[in-house]
1. For region 29-52, does any single residue satisfy the condition of being out of contact with any helix residue (DSSP H, G or I) (no Cβ under 9 Å at 6 or more places or on another chain), under 16 Å from residue 99 (Cβ atoms) and either of a type outside the set (A, V, I, L, M) or in contact (Cβ under 8 Å) with a residue 12 or more places away in the chain (or both)?
2. Look at region 13-39 and say how many of its residues are in contact with a strand residue (DSSP E or B) (Cβ under 6 Å, 6 or more places away or on another chain) and open to solvent by less than 40 Å² (accessible area, probe 1.4 Å).
3. Name the residue, out of 112, 105, that is surrounded by 11 or more Cβ atoms within 10 Å (Cβ to Cβ), part of a strand (DSSP E or B) and touching a residue at least 12 places away in the same chain (Cβ under 8 Å).
4. Is it the case that some residue within region 115-128 is acidic (Asp, Glu) and open to solvent by 40 Å² or more (accessible area, probe 1.4 Å)?
5. Please specify each residue of region 68-77 satisfying the condition of being surrounded by 11 or more Cβ atoms within 10 Å (Cβ to Cβ) and part of a loop (DSSP other than H, G, I, E, B).
6. Residues being without any contact (Cβ under 8 Å) to a residue 24 or more places away in the chain and under 11 Å from residue 53 (Cα atoms): count how many of those fall in region 2-28.
7. Filter region 78-89 down to the residues that are in a helix (DSSP H, G or I) and of a type in the set (A, V, I, L, M), then identify the one that is farthest from residue 47 (Cα to Cα).
Amino acid sequence: MAATSGMNHLGLTVADLDASTAFFAQALGWEVLARDDTYPRTTVSDGAMRLTLWQAHPEPEIVAFARRTNVGLHHLAMTVESEARLNDLAQTLRDYPGVTIEFMPELVGQGPRRHMIFTDPGGLRLELIWDGAD
């Protein structure tokens with residue numbers, strides 16, 4: 001039996017706290033639960049998952065995560081409830097300022113699951129995935 005019982009929250013460091021917080025709230029519809037400008041950090045939630053976003057210290061310089069050479073979070077995958085929702089979000093993200101699309105929705109392996117990967121304005125590598133069952 002596991003000694004833990006699920007994720008309480010995930011803390012992520014971002015290059016631009018305001019841009020990442022706005023992205024989660026505006027593009028994905030998440031709720032901003034808290035903000036602490038003394039640290040600085042925000043907490044956002046989709047109702048099932050909670051993230052704490054921490055502002056990276058800019059000195060001497062912010063270094064972007066390289067998924068093939070750094071130890072740490074490779075990406076965060078979030079479930080969407082339908083293929084239509086995935087496609088709608090893909091169109092929103094394509095035009096969202098500061099978002100870089102790695103690839104638009106495509107099959108995972110042979111399908112029927114579909115997913116897309118992108119980077120948010122604060123530098124987080126994110127995935128949206130539909131499990132293939134409407």
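The values are calculated or read from the model by the stated rules, or taken from the named source; none is laboratory data. Please read all numbers here as calculations on a predicted model, not as lab measurements. Ideal geometry is used to build each Cβ from the backbone, glycine not excepted, and the neighbour counts take in all protein chains shown. We work out accessible area using only protein heavy atoms, side chains counted, and drop any ligands, DNA or RNA first. Shrake-Rupley method; radii C 1.70, N 1.55, O 1.52, S 1.80 Å.
1. yes
2. Residues flagged as in contact with a strand residue (DSSP E or B) (Cβ under 6 Å, 6 or more places away or on another chain) and open to solvent by less than 40 Å² (accessible area, probe 1.4 Å) within region 13-39 amount to 8.
3. Only one candidate qualifies: 105.
4. No.
5. 70, 73, 74, 75
6. Here the count works out to 1.
7. Of everything passing the filter in region 78-89, 84 is farthest from residue 47 (Cα to Cα).
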